[in-house]
Amino acid sequence: MSVVLDFERPAAEIRTKLDATEKQYAANPTPELDAQRIDLRRDFANRTQAIYRALSPWQTVQVARHPLRPQTMDYAIGMCTDFVEFHGDRVFGDDRAIVGGPARIDGRPVMLVGQHRGRETRERVERNFGSPHPEGYRKAHRLFELAEKFAMPVVTLMDTPGASPGLGDEERGQGWALAANLATLATLRVPVVCVVIGEGNSGGALAIGVGDRFLMLEHSIFSVASPEAAASIVWKDAKFAPQAADALKLTAPDLLRLKLIDRIVSEPVGGAHADPSAMIATLRSTVAGEIARLETVPADRLVSDRYEKYRRLGSWFESSRPATPVGSV
Amino acid sequence: MRNLFRRALPKVAGDAGQEAVPDLWVRCGRCREMLYAREWAEASKVCPKCGFHARLTIGDRVALLLDPNSWQELDADLRPTDPLGFAPAGRPSYAEKLATESLDSGQSEAAAYGRGTLDGLPVSLAILDMGYFAGTLGSVVGEKIARAFELGIAERRAVIVVSASGGARQQEGVVALIQMAKTAAAAQAFGADRLPFISILTDPTLGGVTASFATLGDCIIAEPGAVIGFAGPRIIEQTTGEKLPPGAQTAEFQLRHGMVDQVVARRDQKAMIARLIRLFSYSTHPAQDSTAPASTPHGEPRVVATAGVQ
Ligand SMILES: [Zn+2]
């Protein structure tokens, strides 16, 4: 399976030429063909790098949603050992849009929780396209409490278009489930490392995304709403999603500049989908490093630092005080 | 949805010399009955014919819940900024919208908080108002909610938050989103002191407000008929193609589904809140309960008239 995004086309054309030349060279290894293929390799790398260095916000959204981009289960298997998937909220059911359970990263047991969108149509439907139901958030809540009980750091991977907005979700208290997770994560007495691996939209992402460290993969997005939803609020028309993506400041570099996130995790040239195993290896060592550092902080201090971090976030004028900065992290 | 009670403008035909009195009558937003404005206002804007609860201003809420002259608003000088430089192509920028919003509504933001007494009990009260930017949760609202909880901790006050909001303020992007985490953390910190948090959900309470502080109350009270939910009805229908049955997402729907503790009419809210604060404080904060008798008659809301002491 190969998926070429519109703006990747110039690089893809070089790639096609390169593949043909490589084949010719294999059959007939002349010095001319050798020189040609080396040139093409360099051109391909340069062009890809140039494209990815200058992604527009809307192009970033497309990369974040790329069907071949590694998803939570890819990380659970590739980044961890001993992963055991836990099912169900013990009240209503098992939501397939959120997966989680204990696992090891570099030998250290952690609690892994993330949204998983799925790839083929059937799996995507089964997982509600990565939009969790309330029982998914309640499963996550159960796992957060288990993590605290057994002193395991929590690692969350965000990848969701948003919390599911159906009538059944309303009947089962979607808003209540999200709020409970925010409150619990705010005071959890173990390290919490949150990573946006794809699309991190709205309260549906935030409900597994409150922690001591908040990371974004280089080409992921984090937003108050999906660009489509924001467009239908601001323009009354979802077609303006690209314009909404521009206005929302949802890319990792923009959010780091605004001090709303802690760190950007570099992706392989051409995005995580160009080299999933390199991406997974990078995230593994990054998360392991973050956990090791947080584990040196006593629990009381961890919780009070986390509170202060969120308490300071915001931007307002106040005549009695100097203007506040946007972020704090 | 904004002007549920539209002013009826009586036409005085053919008499140029006579002034119309536009404020004398209002029309109920639900049953369309013409109502005498003063009686309607005295009934806290509840229709005497059909019980419809019209939206209230911050001032109306204070009058409804707090003892006379006890309200002391704090940090009223908080003003919004434009943290993202939000300038959507072809639409008014956030900076422009903020300027016109203040002119239209005469308000500086969508929430107020402060201290006061409720039936003699010291409380920290925060109120959201649909009249400014649809009550949306941005930095100023988030900061005021967090400070309301901190005031509760610092002065041993119960916290009451009256919500009315369309959700997170899109124009502040992730800054608005993170106010959900910030207010939820503040509510959680407040809870550690075992002081009661009473959350009142009014029409409408949606999106990021439902998904944060508003649903973290020790007791959740909803106003009759209020639309309460996470996704708004329009989003549900657009996203899923499901047609909502009548009465979905009302206060009564949420009561039936176990999401709120009580649906309480406006005229009974103050007595209900006072009763709850006393019940919760009896063991944990006996000083809060000093004005209460040993017990109150079962089922009979007890209202004690008090002077507005701080
Ligand atoms: Zn009526």
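Would you give the gap between the C-alpha center of the stretch A:174-247 and the C-alpha center of the stretch A:1-35, rounded to a whole Å?
After rounding, the separation between the Cα centres reads 39 Å.
Just the accessible area per residue of chain A, please: how many Å² with a 1.4 Å probe?
Per residue, chain A has 41 Å² of solvent-accessible surface.
Which percent of the accessible area of the stretch B:188-289 is formed by carbon and sulfur heavy atoms (probe 1.4 angstrom)?
55
So, in nm, how far is label residue B:156 from label residue B:283 when the simple model puts each one 7 Å beyond its Cα toward the Cβ?
1.8
Testing the spin-label approximation: label points 7 Å from Cα along Cα→Cβ at residue A:259 and residue B:39. State their distance in nm.
5.8
Picking from B:171, B:238, B:179, which is most flexible by a Gaussian network model of chain B using Cα springs under 10 Å?
Maximum fluctuation in the GNM of chain B, among the listed residues, is at B:238.
Hey, what number do you get for the protein assembly as shown at 222 nm if only DSSP H runs of n ≥ 4 count, each worth -39500 (n - 2.57), divided across all residues, to the nearest 500?
-12000 deg cm²/dmol
In Å², nearest 100, what accessible area do chains B and A bury in total when the solvent probe is 1.4 Å? Intermediate results must be reported in sequence, preceding the final value.
Numbers: alone 15630 and 15830 Å², together 26610 Å².
Adding both sides of the contact gives about 4800 Å².
Just B:259, B:34, B:272 to compare: in a GNM of chain B, with alpha carbon springs under 10 Å, which one fluctuates most?
Among B:259, B:34, B:272, the largest GNM mean-square fluctuation belongs to B:34.
Within chain B, which DSSP H helices have Cα atoms that stretch 15 Å or more along the helix axis and a mean Kyte-Doolittle hydropathy of at least 0.0?
B:139-154, B:173-191
Using packing as a proxy for protection, rank B:163-170, B:205-212, A:52-59 so that the peptide with the highest average count of other Cβ atoms within 10 Å comes first.
In descending order of packing, they fall as B:205-212, B:163-170, A:52-59.
Using the Kirkwood radius over Cα pairs, work out the Stokes-Einstein diffusion coefficient for the stretch A:61-311 at 37 °C and 0.692 mPa s, in µm²/s as a whole number. Display every interim value, and only then the final one.
Details: Rh = 18.0 Å.
Rounded to a whole number, D works out at 183 µm²/s.
Ranked from highest to lowest mean number of other Cβ atoms within 10 Å per residue, what is the order of the peptides A:173-180, B:224-231, B:115-122?
A:173-180, B:224-231, B:115-122
For residue B:136, which sequence-distant residues (separation of 5 or more, or a different chain) have an amide H within less than 5 Å of its own amide H, given hydrogens modelled in the peptide plane?
Result for residue B:136 returns B:166.
Under a Cβ-Cβ limit of 4.7 Å, which cysteines in the protein assembly as shown have nobody to pair with?
A:80, A:194, B:219
Can you grab the distance from the C-alpha centre of the stretch A:80-147 to the C-alpha centre of the stretch B:24-100, Å, no decimals?
Using only Cα atoms, the two centres lie 42 Å from each other.
Can you work out the base-10 log of I(q)/I(0) for the stretch A:227-314 at q = 0.26 1/Å, using the Debye formula on its C-alpha atoms alone?
-1.14
Under the Kirkwood approximation applied to all pairs of distinct alpha-carbon atoms, what is the hydrodynamic radius of chain B in Å?
Evaluated over chain B, this radius sits at 20.6 Å.
If the chain between residue A:269 and residue A:304 were fully stretched, how many nm would it gain, using 0.36 nm times the residue separation less the Cα-Cα distance? Kindly include the intermediate steps, with their values, before the conclusion.
Numbers: separation 35, 0.36 × 35 = 12.60 nm, distance 3.83 nm.
Between residue A:269 and residue A:304, full extension yields 8.8 nm more.
At a Förster distance of 25 Å, what's the computed FRET efficiency of residue B:104 paired with residue B:255, Cβ-Cβ distance as r, to 0.05?
The formula returns an efficiency of 0.10 here.
Whenever you get a sec, compute what percent of the accessible area on chain A sits on carbon and sulfur atoms (1.4 Å probe).
So the carbon and sulfur contribution to the accessible surface is 54 percent.
Can you give me the three principal axis dimensions of the stretch A:142-270 from its C-alpha atoms, in Å, biggest first?
So the three principal-axis extents are 47, 42, 24 Å.
Using a Gaussian network model of chain B with C-alpha springs under 10 Å, which one of B:251, B:185, B:154 is most mobile by mean-square fluctuation?
Ranking B:251, B:185, B:154 by mean-square fluctuation puts B:154 first.
Averaging over all projection directions, find the projected area of the Cα convex hull of the protein assembly as shown and quote it in nm² with one decimal place.
Averaged projected area of the protein assembly as shown's Cα convex hull equals 34.6 nm².
Between the stretch B:245-271 and the stretch A:39-65, how far is it from one alpha carbon centroid to the other, in angstrom?
If you average the Cα positions of each part, the centres end up 52 Å apart.
Taking H as built 1.01 Å from N, whose amide H comes closer than 5 Å to the amide H of residue A:154, not counting residues under 5 places away?
A:111, A:192, A:193
Can you tell me the FRET efficiency between residue A:16 and residue A:56 if r is taken as the Cβ-Cβ distance and R0 is 25 Å, rounded to the nearest 0.05?
0.55
What is the calculated FRET efficiency for residue A:84 to residue A:281, with r their C-beta to C-beta distance and R₀ = 35 Å, to the nearest 0.05?
0.95
How large is the dipole of chain A about the Cα centre if only Lys and Arg carry +1 and Asp and Glu carry -1, each at its Cβ, rounded to the nearest 20 debye? Present the calculation step by step, with values, prior to reporting the outcome.
Values: 41 positive and 42 negative charges, 106 e Å.
Computed charge dipole of chain A: roughly 500 debye.
On average, how many beta carbons from a partner chain sit within 10 Å of the beta carbon of a residue in A:97-107? Don't skip to the end; give the middle numbers.
On the way: counts 0, 0, 0, 0, 0, 0, 0, 0, 0, 0, 0.
Other-chain Cβ atoms within 10 Å of each residue's Cβ, averaged: 0.
Once you put a point 7 Å from the Cα of residue A:106 and another 7 Å from the Cα of residue A:91, both along the Cβ direction, what distance in nm separates them?
3.6
Of the heavy-atom accessible surface of the stretch B:34-76 (probe 1.4 angstrom), what whole percent is carbon and sulfur?
51
Would you please put B:85-92, A:223-230, B:62-69 in order of how densely packed they are, using the mean number of other Cβ atoms within 10 angstrom per residue and starting with the highest?
A:223-230, B:62-69, B:85-92
Under a no-solvent Debye model with one identical scatterer per Cα of the stretch A:6-54, what's log10 I(q)/I(0) at q = 0.18, 0.21, 0.22 Å⁻¹?
Rounded to two decimals, the profile gives -0.53, -0.66, -0.71.
Do me a favour and compute the ellipsoid semi-axes for the stretch A:153-207 from its Cα gyration tensor, root of five times each eigenvalue, largest one first, whole Å.
Ellipsoid half-lengths, sorted descending, are 21, 15, 6 Å.
Under 5 Å between amide hydrogens, which residues at least 5 positions from residue A:200 or on another chain qualify, with H placed 1.01 Å from N in the peptide plane?
When sequence neighbours closer than 5 places are left aside, the close amide H contacts are A:160, A:221, A:222, A:223.
The values are calculated or read from the model by the stated rules, or taken from the named source; none is laboratory data. Computed from a predicted model, the values in this text were never measured in an experiment. Neighbour counts run over all protein chains shown; Cβ positions are idealised from the backbone, glycine included. Quick note on the areas: whole protein, heavy atoms, side chains included, nothing else; ligands and nucleic acids left out. Shrake-Rupley method; radii C 1.70, N 1.55, O 1.52, S 1.80 Å.
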